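Data block below; observations after.
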Amino acid sequence: MSICIFEDELYLNFEPLIYSRPVYDLICGMNTLKKKILRAFPGEKVVLKCRSYLEPLINEENKKLRVNEFEEDDYLFINGRLIAPLNLKNILKIKSKNEKVFVSKGVVIAVKVSWNRIKDLELDKLEVIDTKLFNDLPMEEVDVECANYLWDFVYLNSGEIQNDFNFYTKTKKSKTSVKKKNYEGVSFVNRKNIFVGKDVELKPGVVLDASTGSIYIDKNVTVFSNSVIQGPVYIGESSSIKAGATVYPNVSIGKVCKIGGEIEDSIIHSFTNKQHSGFLGHSYLGSWINIGADTNCSDLQNNYGSIKVQINGRHIDSGRQFVGLMMGDHSKTAINTMFNTGTVVGFSCNVYGAGFPPKYIPSFSWGGSESIRQYKFSKAVETAKAVFNRRDKEFGSRDEKLFNEIFELTKEDRTKRGY
């Protein structure tokens, strides 16, 4: 039986991050949801199902996997917003050939389907799969975590960092086991729960406190003096933690990021910078973002009430007391920018000005509290090219085409707001 990782009808709940990636390429813990699924099914044939405009990107990033290409076979379709445990294969009883729907807390997390049903329903041709198509199949209830919104990943991040830490350190030896003189002036608390990768530089005055959870520092990371990191925390390859930074528990940082100021309970994708003072909490940031100096994000209302967030044209009661900033790829903030609780900033926005900007800012927006207008497409591309160049990367025709697709997809959202 082959595996197909797909997006379901609720993928837009994860805007603005999903404009530039499938749901299964979102991060929780130390890696993407896709990698967690692949880890649970080693050696199986896998197809990635994605929206057509994302296909060139997904093909480029997954050269060993098939993308939107099905072979004649029975398939186990796995929902891309599932946070797969290591024993998922056993939970779903993959050896059984019977067609079946697996449901967890009302969410279809996986479906076993025959090749005949795939052809009858044209599942191989659908970009996004409506799980209601499987209502006639036998159903089995299982207990597996599945995210419904971006903030769910933030609240699940602590456990996932620990799960991933346990998985990746089974066969690796931490550099913290070497003689202490290699880390002169560095304080380790609960050293057994700290992993330090190859060519990591820890400056004097650094405190790594794993008393509340594990800390995993990937290769080529630099942690500057007087930084405090309290686990559970993951810091990705070639990232930098600036001098005096405070990284509190439940934080995941991607590769090639620069992090400073105060941060807690947040997930940051690769190539994003928040390197100056300012607070970020209970937030989810995409890639290629730059957070200006002294930008601050509120994640708690003064009345301690449940925070409402605008997602896909609807106002959602998160049911959470803490929700911060959700920001799409390539967006930027000016110095001293302030964000209210539960703010959503779209793809490729430039936010600036005094006061709090709106709690929902559509993709390709330029402005803040006083006024917002459309970010000129040519200027957005020009900035992206400059940012790529700073990371020795080329912003090619494929990238520009993706920008254009997202610009067109989000045009109606801007038109509703008169720009």
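The values are calculated or read from the model by the stated rules, or taken from the named source; none is laboratory data. What you are looking at is a predicted structure, and each value in this text was computed from that prediction instead of being measured. Counting neighbours? That spans all protein chains shown, and the Cβs are built from the backbone with ideal geometry, glycine included.
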Do we find a residue being surrounded by fewer than 16 Cβ atoms within 10 Å (Cβ to Cβ), in contact (Cβ under 8 Å) with a residue 12 or more places away in the chain and within 24 Å of LYS93 (Cα to Cα) anywhere in region 48-55? no
Could you tell me which of the residues LYS105, LYS100 is charged (D, E, K, R), outside the structural domain of ILE161 (by TED's automatic domain parsing) and closer than 27 Å to VAL154 by Cβ? LYS105
For region 293-344, the count of residues that are buried (at least 18 other Cβ atoms within 10 Å of the Cβ) and among the small types (Gly, Ala, Ser) equals 6
So, in region 237-257, how many residues would count as being surrounded by fewer than 24 Cβ atoms within 10 Å (Cβ to Cβ), closer than 20 Å to LYS198 by Cβ and without any contact (Cβ under 8 Å) to a residue 40 or more places away in the chain? 3
When every residue in region 372-392 that is at pLDDT 95 or above and not in a helix (DSSP H, G or I) is compared, the one surrounded by the fewest Cβ atoms within 10 Å (Cβ to Cβ) is LYS376
The lone condition ARG117 fails out of (1) buried (at least 17 other Cβ atoms within 10 Å of the Cβ); (2) in contact with a strand residue (DSSP E or B) (Cβ under 8 Å, 6 or more places away or on another chain) is (2)
Listed residues GLU7, GLU15, GLU69; which is under 13 Å from ILE109 (Cα atoms) and not assigned by TED's automatic domain parsing to the domain that holds GLY342? GLU7
Any idea how many residues of region 76-110 are crowded, with 16+ Cβ neighbours inside 10 Å, at pLDDT below 95 and within 18 Å of LEU38 (Cα to Cα)? 4
Could you tell me whether LEU137 is in a loop (DSSP other than H, G, I, E, B) and either over 23 Å from TYR19 (Cα atoms) or among the aliphatic types (A, V, I, L, M) (or both)? yes
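One line per residue, one yes/no per condition, for (1) at pLDDT 95 or above; (2) farther than 20 Å from PRO16 by Cα; (3) among the hydrophobic types (A, V, I, L, M, F, W, C):
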position: ALA245; (1), (2), (3): yes, yes, yes
position: TYR248; (1), (2), (3): yes, yes, no
position: ILE259; (1), (2), (3): yes, yes, yes
position: ILE263; (1), (2), (3): yes, yes, yes
position: SER266; (1), (2), (3): yes, no, no
position: TYR284; (1), (2), (3): yes, no, no
position: ASN303; (1), (2), (3): yes, yes, no
position: ASN340; (1), (2), (3): yes, no, no
Which residue is farthest from the chain's Cα centre (by Cα), if the candidates are limited to region 1-17 and must be crowded, with 24+ Cβ neighbours inside 10 Å and part of a helix (DSSP H, G or I)? PHE14
Where in region 251-362 are there strands (runs of 3 or more DSSP E), lying fully within it, with 2 or more residues that are not assigned by TED's automatic domain parsing to the domain that holds TYR216? none
